[in-house]
Structure formats: C-alpha cells, structure tokens
Amino acid sequence: MEHRSLGFAIFVHVAALGVALTVLAPLGWLFVMSVSSPADLSAKPLHWWPDSIDLSRYRQLLTPETGAAFLASLRNSIEVAAMATLGALLVGIPAGWAASRNPKLGWTLGAVIATYMLPPVALSVPLYLILAKLGLLNNVFGLALVYLSILAPFVTWLLKAGFDPIPRDLEQAAAIDGANLWQLLRIVILPLALPVVATALIFAFLLAWDEFFYGLLFTSNQDAKTLSVAIADLAGGRVSDYGLIATAGVIAALPPVAVGLLMQRALISGLTNGGVKG
Amino acid sequence: MFTDRLTLRAWVLMLPLLVVMLAVIGWPLADTVRLSFTDARLVGTGGAFVGVENYTGMLGSRNFRKALVATLTFSVWSVAAELCLGVLVGLLLNQRFYGRALLRALMILPWALPTVVNATLWRLIYNPEYGALNAALTQLGLADSYQSWLGQPGTAMGALIVADVWKNFPLVALIALAALQAVPRDIQAAATSDGANAWQRFRHVTLPYLVGPLMVALVLRTIEAFKVFDLIWIMTRGGPANSTRSLSLLVYQEAFAFQRAGSGASLALVITLIITVLAGAYLALMRRAAGQGG
Amino acid sequence: MKPTRIAALMAATALTGTAAFADTELNALFMAQAAYSEEDIRAMTASFEAANPDVSVTLEFVPYEGLHDKTVLSMGSGGAYDVVLFDVIWPAEYARNGVLVDVSDKITDEMTSGILPGAWTTVDFDGASYGLPWILDTKYLFYNKEMLAEAGVDAPPATWDDLRAAAQKVKDAGLVEYPIAMSWAQAEAAVCDYTTLLSAYGGDFITDGQPAFQTGGGLEALEYMTASIEDGLTNPNSREFLEEDVRAVFQNGDAAFALNWTYMYNLANMGEDSAVAGKVGVVAAPGVSGVSEHSAVNGSMGLGITSTSEHPDEAWDYIVHMTSQPVQNAYARLSLPIWASSYSDPAVTEGQEELIEAAGKGLAVMYPRPMTANYQEMSMALQQGIQEALLGMASPAEALEGAAENSGL
C-alpha cells in the first residue's frame with residue numbers, strides 16, 4: 001500500500017466510481033420512474049429525466065380514498081413483521097443464551113439452523129392445511145406464526161454469536177448472589193447484549209418485510225395481504241402505468257433502505273460476524 | 001451436580017424455540033413426507049397411499065428435468081458471479097480512495113432492497129419496448145435494435161442472473177472486506193519486502209483469510225439460489241417456453257395451481273434432498289480446507 | 001343490535017372509512033385490467049352499497065394470472081371471498097372441487113330469455129349454472145386507420161392471409177418495423193390467440209377424449225403464428241407481451257394491427273394517453289377462405305358465489321346487481337353487455353358503432369377452449385408448446401406433439 005503508483009490510484013478511483021454507478025443506477029432509475037409522467041416513460045427514445053416532477057402516484061397510493069388497498073397491505077406488512085420479530089426474539093434470546101453458555105447444546109442449535117436449507121415449498125402444503133384447519137389463513141397472526149420458521153433460527157444464531165463474547169464471570173457472580181434466572185437475564189445479560197439484540201431485531205424485521213412466498217399462498221385480501229404480495233400483483237403485467245409500479249416499489253423499499261443506511265455499522269458487523277465465525 | 005443443573009436449565013431455556021420449530025417446521029416436514037406417498041389433493045379428498053408413484057412419476061418427467069437444469073444453471077452462474085464480483089469489490093473497498101466510506105455505505109442498498117422490489121425493478125428495466133436497458137444500449141450505440149430480454153430463452157436466464165447478482169454481490173463484498181481487514185498488515189509488508197508480487201501476496205497471504213468466510217457465503221448463497229422463487233415468479237413466471245421455470249415454481253404449480261398436493265410434496269422433498277447433499281458436500285470441503293490450513 | 005357490537009362496528013367504520021353501517025360484509029375477487037376498469041367496478045359496487053345500506057363489499061384485485069390460484073387457495077379459509085370472478089375455462093374444475101355454489105334454481109325466466117345464449121356457456125357446466133355471466137368478451141382485430149390508408153390498404157383484412165398481405169404493405173411503406181402486436185407471452189393470453197386461429201382454420205382441441213390440436217387446423221394455426229414472426233410481420237417482442245403490453249404498443253403508434261379484447265377499443269380510440277385516438281378501427285378477427293368467415297375465442301367471464309361464503313344471499317344480490325342490464329349498459333365502454341336487447345339501445349351503441357358491428361359477427365362464432373377439469377394443466381402444456389414454436393426451439397408440429405403428450409388428457 002505504501003508504494004502506490006499514480007496509475008494504480010487512478011485505476012482504484014475509476015473502479016470505485018464504476019461500482020458506485022452499478023449500485024446506484026438501477027435504484028436511481030426506480031425513483032425517476034416513480035416521478036415521471038406516463039408519456040415520459042413510454043417515449044422513444046426514452047426520457048431519462050422527466051420534464052416535470054409528477055408526484056401524483058405517491059398521492060394516489062398514500063391517501064386513504066384512492067390507496068386503501070395499498071395502505072392496508074402496508075399496515076399488514078408492519079403488523080406481521082412486528083409480531084414475527086417479537087416472537088422470534090422471545091424464543092431466540094433464551095435459546096441463544098443457553099446455546100452460548102452450554103456447548104453441549106450446540107448440536108440442537110445446529111439442527112435448528114440446518115432448517116435454513118429447507119425450501120419453503122417443502123413446508124407449504126402442510127402449513128396451508130394446518131392454517132386452514134385453525135382458521136388462520138388470510139390472517140396476520142397466522143402469517144406471523146409461519147414467519148417464525150424463517151426468523152427464529154436466524155435470530156437465535158445471530159444472538160448466540162453475539163452472546164459468546166460476553167464474559168461469564170459476571171453472571172456467575174450474580175448467580176452466587178442468589179439472582180434467579182429471570183433476574184440474571186434482565187439485569188446482567190440483556191443490558192450487555194442490547195446491541196446484539198437490536199441487530200437481531202432489525203434483521204428479523206427485514207427478513208419478514210422481504211418475505212413473499214408464504215404471503216402469496218396464505219393471504220387473500222386486505223385483511224392480511226402483505227406489501228410484497230401487493231407489489232407483485234401490480235408488477236404482474238396488468239398495470240400499464242410503470243410509474244405506479246415504481247412508486248409502490250420505492251415506498252416498500254424506503255423502510256429497509258433507511259434502516260440499512262442508518263444502522264449500517266451494526267448490520268455489517270452482524271452480517272460479517274455470522275460469515276466470519278460461521 | 002452443578003453442571004447437570006445448568007444443563008437442565010439450558011434445556012428449559014431452549015424449549016420455547018424447540019417447540020416453535022417443531023410446530024412450524026418439524027411437523028409440517030413430517031406431514032410433507034406422509035403426503036408425498038399419497039395422491040392427496042389440496043382441497044377435498046384425503047388421499048390414498050400410492051407408494052413411490054409420485055416420486056417415479058415426477059423424476060421421470062420432462063418438466064422435472066427441465067426445471068432441474070434451469071435451477072442448476074441459475075444457481076451455478078449467479079453464485080459464481082456473486083463470489084467473483086464480491087471478492088474483487090471487497091479488494092477494491094480495502095484500498096484507500098476518496099469516498100471509500102460512502103461507497104461502503106452504498107453497498108448495503110441492494111441488499112436492503114426487498115427481493116420483490118428488486119424483481120419488479122429489473123422487469124421494468126428489461127421491458128422490450130419501453131425499458132431502460134434497451135434505451136441505454138441503443139442510445140449509446142451498443143445495440144442496433146431493441147431486444148426482448150425476458151422473452152427469449154437465450155437471454156431470459158441471463159437477465160434473471162444479472163438481477164440476482166446485482167442484489168447479492170454487495171453482501172459478498174462486505175463479507176470479503178471484513179475478512180480482508182483481519183489480514184495483519186505486517187505479514188503483508190513482510191511478503192512485499194520478500195519480493196512477492198501482487199498475485200503471490202494475494203494467493204499466499206490474503207486468500208487463506210478469505211477462504212473460510214467465502215465458503216460460508218458460498219453455502220448460504222447456493223442454498224438461497226437453489227430455492228429461488230420470488231425473482232422468477234415476478235420477472236418471467238417461468239417463461240419463455242418454461243425455460244426459466246425453477247424447481248420451486250414447479251412445486252408451486254403442481255401443489256397449488258394443479259392442486260396435486262401429494263406429487264407436489266414429493267417434488268419438494270427431492271429439492272430438499274438435493275440442497276442437503278450440496279450443503280453437505282460444501283461442509284465436507286470446508287472441513288478439509290480447514291484441516292489443511294490449520 | 002347489542003351495544004358492544006355497535007361500538008365494534010363504529011370502530012371498524014372509523015378504521016376503514018366506510019360511511020355506511022353495514023351488517024354484512026362481502027369480499028369480492030376481481031382481476032386488474034382488461035375488461036371493466038378498477039374504477040368502473042368500484043363505481044358499480046358503490047351503487048350496490050347505496051341501494052343496500054346493510055351490505056358493504058370489499059374489493060380485491062389481482063392480475064388475471066393470479067385469479068385462479070387465489071380462488072382455489074382461498075377455499076381453505078372460510079369466507080375469504082364471497083364472490084369471485086371466474087374465467088369461462090374453470091367451471092369444470094370448480095364444479096369437481098366444489099369451489100362454486102350451483103345457482104341454477106336462482107336464475108329467473110327474465111334472465112334466461114334476456115341474456116345472450118353465448119354468454120350462458122360461460123357459467124354452465126354439466127347442466128348446472130355456477131354463476132351469472134358478467135363479461136362477454138372475445139378478441140377482435142384492431143387496426144390503425146391512418147397507417148392502413150398511408151400504406152394503401154383499402155379495407156381491413158377479411159382473412160388471416162389478407163392480414164399478412166396488409167401487414168407486409170405497412171412494413172414495406174416503412175411506417176412501423178413490426179406491423180402486428182400480439183399477446184403471446186407464456187400465459188393464457190397466448191392460448192386465447194391460438195384458439196382464435198384454430199377456430200379460423202377449423203381445428204379441434206379434443207376429439208373422442210384425445211388431443212387433436214396437433215393436427216389439421218390446430219397445426220395450421222401455430223404455423224401461421226410462427227411464420228408471421230419469422231417474416232418480421234408480428235413484433236417478436238409479442239413473445240413476452242400480455243394484453244396491456246399490446247395496448248401500450250398499439251396506442252403508442254408502434255403497431256398497425258393488434259389482436260385484443262373489447263376494452264382496448266375505447267381506451268385506444270379515446271384515451272387521453274393514446275397517441276392514436278380517433279384512428280382506431282376494429283373488426284371481428286378474420287377467417288380463412290373456404291373455411292370460416294370470422295374467428296373468435298370465447299373469452300367471457302362470470303361471477304359466482306364461493307361454497308365457503310357465509311352470506312350467499314347477499315352475494316347473489318350483489319352478482320345480480322353487477323350483471324343487471326342498467327349497470328351493464330351504463331358501463332358499456334370497456335365491456336359489452338350480456339343482454340341481447342342492449343345492442344339495439346342507442347345509449348350503448350352510440351359512439352362505438354364499429355365495435356358493436358364487430359361484436360355482432362365475433363360473438364356469434366365464439367369458439368370454446370376445452371371444458372375439462374384439468375384445463376390448467378392442458379393450458380400450461382399448450383403455452384409451452386406455442387412458445388417453443390414461436391421461439392424456433394421446435395417446429396410447430398413437434399411443439400404441438402409435445403404439448404399433446406404433456407397435456408394430461
């Protein structure tokens with residue numbers, strides 16, 4: 001690194017610019033489509049920048065009179081993701097801690113994580129039949145329950161990796177002082193593990209927000225249909241206003257993208273820790 | 001005694017997770033196995049035992065072979081491209097340049113973009129009449145005429161792979177970067193002063209640090225790619241001429257659109273088996289690599 | 001009504017913004033685009049709610065491609081939908097699986113005599129009726145009058161060979177690169193166009209329970225489609241077009257001919273976003289000399305009550321309203337009425353005389369796709385075969401042989 005020639009420095013900068021453009025161009029285009037008029041979007045040659053900014057689709061999708069269905073799916077996505085995240089943390093925190101402190105249980109966690117290999121299609125038929133029997137099809141609660149199958153293993157794994165570096169002597173001292181299990185978790189472990197828990201929470205929420213397959217199968221109408229399913233319906237080739245599709249995409253992407261940018265340090269360390277430590 | 005009590009406590013803490021896993025994964029999986037030996041339909045009749053008929057019928061069908069080839073093609077190419085591009089960009093991000101912090105921050109964007117939105121975005125970009133790709137290529141003089149990117153078997157699969165790679169290579173790059181930052185500076189410097197060239201330094205100093213994390217990324221991405229559904233469902237629905245119909249799409253069609261839950265279940269289990277074998281092979285490789293390295 | 005229930009209803013009303021105090025909530029499944037627009041359906045529904053203040057209807061729109069699967073999957077959840085829109089090809093399967101309620105005894109004499117006989121084929125299977133026809137539709141041949149005049153084509157094509165000749169003239173005149181736009185993506189739309197041609201060439205889908213489309217008229221139909229792409233007459237992008245893509249290309253002035261449903265006529269001819277407004281002509285899809293005058297596919301759709309509905313009576317009232325003559329006449333710009341006498345009503349015909357004339361010829365020769373409970377599977381095999389031929393992966397004969405083998409018949 002010390003002997004960098006000018007040529008190499010130029011090459012690095014050009015390459016960096018290329019990567020930045022590769023990442024940004026499609027995203028920028030999504031946004032431009034969302035504010036372009038239909039005429040701009042079907043022009044040949046294409047208008048890369050609209051003559052005037054058209055915000056009508058945002059208004060259409062976000063006002064209750066015209067965007068009721070879209071807003072309902074937005075609400076459903078938030079509800080399902082929140083419930084599933086909460087559930088995953090509730091089962092993941094104790095399990096992750098137990099696995100971190102008792103290597104003997106490692107194989108159990110291994111088995112749980114191995115379920116990641118299962119394609120959703122391998123579970124979908126029985127899940128459909130169970131949900132139908134319980135009356136939980138087309139229901140946000142039922143969908144959140146199903147999402148636990150994706151979220152819980154992942155969250156537990158992240159939490160275990162995060163709990164590992166927390167020194168044990170603290171909890172041993174507390175245990176000798178007569179703290180019970182709950183006090184131990186609440187007073188000693190969780191405050192120390194808060195950053196890890198926060199990271200796991202964000203990951204879980206993003207995973208749930210992203211889910212499509214189960215949402216497609218198990219929801220039917222505004223009672224439970226999630227945002228990803230609503231967008232797929234728009235993108236199905238039956239909506240001729242490409243700008244409207246793009247607008248829905250921008251709105252759906254905003255929460256995860258904002259979280260990604262704000263929390264990038266925590267996310268990257270969570271992602272790469274998992275990767276580095278396996 | 002003390003340790004036994006601790007172990008018991010650990011089991012108690014593990015219990016809620018295990019119960020949930022059993023309910024949403026264990027039991028459904030077992031039921032899928034049962035269904036796969038029946039002619040059950042999705043709605044209505046319970047289904048009678050038919051032995052391995054579903055398996056033989058499915059494995060011998062043209063549709064299955066075609067979908068297997070499509071899935072393999074998609075997985076191999078997209079994972080290979082993501083790893084190569086990811087490592088290259090990871091090496092780049094490890095260099096010093098203006099705007100490095102900003103570029104690292106940008107890398108999170110494709111990863112954060114919901115899969116469905118990514119698929120929708122690329123479908124719009126590839127639109128044969130009014131898409132940005134055709135417009136850009138012709139306006140830059142790189143192509144004479146508009147192409148039907150998602151409408152021809154030769155390009156549809158490639159178009160899908162590009163969309164998948166764009167979303168997933170940044171994650172690999174970030175993982176590679178984290179691994180690179182773990183390479184001690186003094187070893188690098190020592191290698192340089194020993195007269196090692198750039199490739200030798202990469203091969204003997206840097207690469208050993210990258211192998212472990214990249215193997216994990218490889219396993220995860222391969223599993224993900226093999227399960228692909230969302231991207232294809234939105235961009236091509238398996239077309240043209242079913243050339244991009246992945247195994248997951250085929251199961252959906254069989255179990256839900258045609259309502260043959262039994263044969264859909266058998267196909268789903270075959271996919272699961274293939275993924276398990278792939279992941280097992282990778283893990284064995286990793287263990288061997290780790291044994292040699294350590 | 002108990003106070004708690006009233007409170008709950010008020011809360012629900014506040015949440016959804018629905019003004020009426022509804023006792024019964026219906027859920028109805030429709031498709032987005034092609035035929036009645038979402039706006040039209042909302043307006044029709046609003047007028048039903050106004051007349052029935054104790055019933056409110058929640059509308060759900062999915063792409064056509066999702067309509068069948070959504071309906072079938074909703075069977076597991078009681079009352080996800082009370083009313084569903086269904087395509088003419090599904091009653092056989094829905095009857096076998098008990099998806100829809102048999103409404104034969106609810107049909108009045110007035111309906112029987114007033115609704116066009118062709119429309120009834122949409123909802124009838126095995127002697128029972130599973131709903132009421134709602135959209136009476138077939139594919140018409142649309143053309144750009146200005147382009148035809150410029151290219152020296154005097155009259156719209158009367159046969160499919162005429163279409164080829166006319167398209168060649170348009171192409172030679174340099175007006176557009178590809179004169180014809182079709183919806184030949186891997187989707188039901190491709191099967192509809194294929195059926196139109198199959199009927200023109202006098203083919204059959206099934207004879208004596210065996211696939212018959214791979215020979216005779218069925219083969220000639222696919223050969224025509226393939227040749228029109230090879231000759232550069234049909235836009236090669238048609239192989240990934242759905243109906244809305246065809247409309248976009250046609251109304252942008254990028255095609256001289258297009259095969260599409262009724263709804264395109266007024267959208268392309270009067271739509272604000274249309275570049276060809278006022279220049280759109282429409283005729284019944286052409287025939288084949290010596291075989292047929294015109295050709296048409298039965299692309300009609302009906303409304304039915306799901307067997308899981310807890311409010312079948314209210315659901316029926318809603319269907320009766322949606323299919324009633326006044327409602328159909330009031331929204332006849334995107335979809336033509338199912339009622340025979342509407343076609344002589346000036347309120348319906350005014351401003352779209354050309355379309356009415358084309359409909360008179362087309363609707364009379366509507367050709368059905370096969371009535372089989374395994375239709376979805378057969379259609380998927382056919383879609384693949386059609387695309388293989390169009391993409392040059394197989395000859396039309398090979399492709400149709402493969403489709404016949406794969407069809408599950």
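The values are calculated or read from the model by the stated rules, or taken from the named source; none is laboratory data. Note that the structure is predicted; figures quoted are calculated from it, not measured. Every residue, glycine as well, gets a Cβ built from its backbone with ideal geometry; the counts of neighbours run over all protein chains shown.
Exactly one residue out of B:138, B:192 is farther than 30 Å from residue B:67 by Cα and in contact with a helix residue (DSSP H, G or I) (Cβ under 8 Å, 6 or more places away or on another chain), and it is B:192. The set of residues from the range B:129-154 being in contact (Cβ under 8 Å) with a residue 60 or more places away in the chain and assigned to a loop (DSSP other than H, G, I, E, B) comprises B:150, B:151, B:152.
Table: residues versus (1) crowded, with 17+ Cβ neighbours inside 10 Å; (2) over 15 Å from the mean Cα position of the chain (by Cα); (3) among the polar types (S, T, N, Q).
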{"site": "B:171", "(1), (2), (3)": "yes, no, no"}
{"site": "B:178", "(1), (2), (3)": "yes, yes, no"}
{"site": "B:189", "(1), (2), (3)": "no, yes, no"}
{"site": "B:196", "(1), (2), (3)": "no, yes, no"}
{"site": "B:202", "(1), (2), (3)": "no, yes, no"}
{"site": "B:209", "(1), (2), (3)": "yes, yes, no"}
{"site": "B:230", "(1), (2), (3)": "yes, no, no"}
{"site": "B:234", "(1), (2), (3)": "yes, yes, no"}
{"site": "B:241", "(1), (2), (3)": "yes, yes, no"}
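When B:182, B:217 are checked against the criterion of being within 23 Å of the chain's Cα centre (by Cα) and either within 12 Å of another protein chain (Cβ to nearest Cβ) or farther than 25 Å from residue B:279 by Cβ (or both), a single residue qualifies: B:217. With respect to residue C:260, is the statement that it is in contact with a Lys or Arg (Cβ under 9 Å, 6 or more places away or on another chain), within 12 Å of another protein chain (Cβ to nearest Cβ), under 23 Å from residue C:36 (Cα atoms) and not β-branched (Val, Ile, Thr) true? Here the answer is no, as residue C:260 does not meet what is asked. So, residue B:101, is that one part of a helix (DSSP H, G or I), touching a residue at least 40 places away in the same chain (Cβ under 8 Å) and more than 7 Å from every other protein chain (Cβ to nearest Cβ) or not? Judged against the criteria, residue B:101 is not a match. Quick check on my filter: what residues within the range B:119-157 are polar (S, T, N, Q) and at the interface with chain C (Cβ under 9 Å from one of its Cβ atoms)? B:127, B:145, B:147, B:148, B:152, listed by residue number.
For (1) surrounded by 17 or more Cβ atoms within 10 Å (Cβ to Cβ); (2) assigned to a loop (DSSP other than H, G, I, E, B); (3) not charged (D, E, K, R), each residue gets a yes or a no:
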{"residue": "C:86", "(1), (2), (3)": "yes, no, yes"}
{"residue": "C:89", "(1), (2), (3)": "yes, yes, yes"}
{"residue": "C:112", "(1), (2), (3)": "no, no, yes"}
{"residue": "C:122", "(1), (2), (3)": "yes, yes, yes"}
{"residue": "C:171", "(1), (2), (3)": "yes, no, no"}
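Taking the condition polar (S, T, N, Q), crowded, with 21+ Cβ neighbours inside 10 Å and out of contact with any Lys or Arg (no Cβ under 7 Å at 6 or more places or on another chain), does residue C:234 pass? Criteria met by residue C:234. Does residue C:163 qualify as being farther than 22 Å from residue C:292 by Cα and either surrounded by fewer than 21 Cβ atoms within 10 Å (Cβ to Cβ) or in contact (Cβ under 8 Å) with a residue 40 or more places away in the chain (or both)? So residue C:163 does not fit the description; no.
Screening the range B:12-22 for residues that are of a type outside the set (Val, Ile, Thr) and either in contact (Cβ under 8 Å) with a residue 60 or more places away in the chain or buried (at least 16 other Cβ atoms within 10 Å of the Cβ) (or both) and picking the one that is farthest from residue A:154 (Cα to Cα) gives B:13. Evaluate the range B:243-265: report whether one residue or more is in contact (Cβ under 8 Å) with a residue 60 or more places away in the chain, in contact with a strand residue (DSSP E or B) (Cβ under 7 Å, 6 or more places away or on another chain) and facing another protein chain (nearest Cβ under 10 Å). There is at least one residue in the range B:243-265 that is in contact (Cβ under 8 Å) with a residue 60 or more places away in the chain, in contact with a strand residue (DSSP E or B) (Cβ under 7 Å, 6 or more places away or on another chain) and facing another protein chain (nearest Cβ under 10 Å). Checking each residue in the range B:30-54 for being away from every other protein chain (no Cβ under 14 Å) and either out of contact with any strand residue (DSSP E or B) (no Cβ under 9 Å at 6 or more places or on another chain) or assigned to a loop (DSSP other than H, G, I, E, B) (or both) picks out B:48, B:50, B:51, B:52, B:53.
Residues considered: C:377, C:314, C:310. Of these, the only one that is in a helix (DSSP H, G or I), within 21 Å of residue C:72 (Cα to Cα) and acidic (Asp, Glu) is C:377.
Within the range A:122-163, the only residue that satisfies the criterion of being within 14 Å of chain C (Cβ to nearest Cβ) and of a type in the set (D, E, K, R) is A:133.
For residue B:228, the requirement of being in contact with a Phe, Trp or Tyr (Cβ under 8 Å, 6 or more places away or on another chain) and in a loop (DSSP other than H, G, I, E, B) is met. A single entry from A:8, A:31 fulfils the requirement of being touching a residue at least 12 places away in the same chain (Cβ under 8 Å) and part of a helix (DSSP H, G or I): A:31. Screening A:248, A:232, A:258 for residues that are within 25 Å of residue C:184 (Cα to Cα) and assigned to a helix (DSSP H, G or I) leaves exactly one candidate, A:232.
Within the range A:100-119, if we keep just the residues that are facing another protein chain (nearest Cβ under 7 Å) and either part of a helix (DSSP H, G or I) or aromatic (Phe, Trp, Tyr) (or both), the residue that is surrounded by the fewest Cβ atoms within 10 Å (Cβ to Cβ) turns out to be A:104.
Taking the criterion of being within 12 Å of chain B (Cβ to nearest Cβ) and aliphatic (A, V, I, L, M), the residues of the range C:183-209 that qualify are C:185, C:187, C:189, C:190. Candidates A:34, A:77, A:73: the one that is surrounded by 16 or more Cβ atoms within 10 Å (Cβ to Cβ) and not assigned by TED's automatic domain parsing to the domain that holds residue A:152 is A:34.
Among the conditions (1) surrounded by fewer than 24 Cβ atoms within 10 Å (Cβ to Cβ); (2) in contact with a strand residue (DSSP E or B) (Cβ under 8 Å, 6 or more places away or on another chain), the only one that residue C:150 does not satisfy is (2). Might you let me know whether the range C:43-61 holds any residue that is more than 7 Å from every other protein chain (Cβ to nearest Cβ), closer than 16 Å to residue C:134 by Cβ and assigned to a loop (DSSP other than H, G, I, E, B)? No, the range C:43-61 contains no residue that is more than 7 Å from every other protein chain (Cβ to nearest Cβ), closer than 16 Å to residue C:134 by Cβ and assigned to a loop (DSSP other than H, G, I, E, B). Candidates in the range B:56-98 are the residues that are within 30 Å of residue C:384 (Cα to Cα) and not in a helix (DSSP H, G or I); of these, the one that is farthest from the other protein chains (Cβ to nearest Cβ) is B:60.
Under the condition of being within 14 Å of chain C (Cβ to nearest Cβ), in contact (Cβ under 8 Å) with a residue 40 or more places away in the chain and within 30 Å of residue A:132 (Cα to Cα), the residues counted in the range A:216-247 number 13.
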